1. Below 12 Å, Cα to Cα, which aspartates and glutamates can K354 reach? Residues fewer than 8 away in the same chain don't count.
2. Residues with amide H under 5 Å of L316's amide H, sequence separation 5 or more or different chain, H placed in the peptide plane at 1.01 Å from N; which?
3. Place the peptides 136-142, 321-327, 18-24 in order of packing, highest mean first, counting for every residue the other Cβ atoms within 10 Å and averaging per peptide.
4. Rounded to the nearest 20 Debye, what is the dipole magnitude of the chain about its Cα centre when Lys and Arg each give +1 and Asp and Glu each give -1 at the C-beta?
5. In the chain, what percent of the accessible surface is made up of carbon and sulfur (1.4 Å probe, ligands and nucleic acids excluded)?
6. Grab the DSSP H runs of the chain that are 4 residues or longer, score each as -39,500 (n - 2.57), total them, divide by all residues and round the 222 nm result to the nearest 500 deg cm²/dmol.
7. Under 20 Å between alpha carbons, and skipping anything fewer than 8 positions from K14 in its own chain: which aspartates and glutamates qualify?
8. Let me know the charge dipole size of the range 142-230 about its Cα centre in debye, to the nearest 20, where only the beta-carbon of Lys, Arg (+1) and Asp, Glu (-1) is charged.
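The values are calculated or read from the model by the stated rules, or taken from the named source; none is laboratory data. Computed from a prediction, not measured in an experiment: that's the story for all the values here. Cβ: placed from backbone, ideal geometry, glycine included. Neighbour counts: every protein chain shown. The protein model used for the area step is the full one, side chains on, heavy atoms only, and it has no ligands, DNA or RNA in it. Shrake-Rupley method; radii C 1.70, N 1.55, O 1.52, S 1.80 Å.
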Amino acid sequence: MSGSAKSSPFGAAKHVAVARGLGEFRSGRPVIVTSADERVAVLPIDGMTDEGLVSFRLLCAPGRPYLLVTARRARALGLDGSAPIGLTIDDLPAAAIFSLAADAQSTRPLDAVQPSPTAAAAIELAKLAQRLPALLVGDIGQAAANACDPPLMVVAADAIAQFRQAATETLTVAAEESIPLNGGLPARFVIFRDGIGGTPIAVVVGRPDLTQPVPVRLHSACLTGDVFGSRRCDCGDQLRLALAQLEQNGGGIILYLEQEGRGLGLANKMRAYRLQDTGLDTLDANTVLGFNDDERDYGVAVRMLKMLGCTRVRLLTNNPAKLDGLVHAGIEVSGRMPLHGPINSDNRRYLTAKATRAGHQLDYILGAAVEAAKSPREP
């Protein structure tokens, strides 16, 4: 099944295997990743127990599994490299292995090993599952694989690389309904669903004229900011500002995307927050965990807009990367509408990092920083 190009009414066999592999990763179980000339067993360390670690070591015996981390995580540990790297783990327990993959610093001596190119593909599988991008990897023979009951899922490395786009293409409209918002603002909620359970949402506010450029907000879900009013970010403020601007402009669309923590997922966002509490900024915290500073993919947003019949937009954003992502995918962007939320003592460092390091167009943040620097300090 892993390398098959066969298709059925239920999808291409290799993509079905990846979807099932995602389910295994989310449940904390290993999968077998294959390429033309090798097969390895991989297990996410995110959620791994000591019991699961013992079982995985037995599965890979007589060999010894190693920890696979991304190049960004390796650099955070002081190792050079531009590709994923393996680290020996000897007889470390599960908690110590997790610490090696996620803590800001490690005092343990590091012994690097050359990782399997096949296993490196599984890092994308971990990211798709919104798990930490760190895996245990070990060789597995056919006899050991056959002895597993139930059998381990087998996933082709090349299918993992293709899967994100394949999942985007499965997007359908699952349901839609009119829901009045505060102040009587009319809105239609369009619930999309993809083949792996994702449910991005389009909120169509008012009656936007699709023959003209439509005001559109691509909004990454933020439970802490959107729902609970967190002061650590400006996400909730931007969402409310966007709704107000859409009302003033006679309507528009908000795409509410499942990209918590710039694509890391909620648990990893909390881990990044913990690292920020040690002094790292929002970008460095992501990379210390082994992620890119921004893991979002706007392919699903493009498909949603096209399915809604919207191909010309005025984007409500401070982030030039969103404009570039839509333009490269064939959406005509006729302009940008900024969203400037309030600055407070808890989000100032976050907003400054976005302005100075991520290229977000937040001149008011930079201006406030300059004014603060000019102000005389109190004795």
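1. Once the sequence-local aspartates and glutamates are set aside, what remains near K354 is D234, D281, D284, D293, D294, D363.
2. Under 5 Å from the amide H of L316: V216, R217, L218, M337.
3. Descending packing order for the listed peptides: 18-24, 136-142, 321-327.
4. So the dipole magnitude of the chain works out to roughly 640 debye.
5. 53
6. My calculation for the chain gives -11000 deg cm²/dmol from helical runs alone.
7. The qualifying aspartates and glutamates are E24, D37, E38, E124, D158, E169, D194.
8. Dipole magnitude for the range 142-230 comes out near 260 debye.
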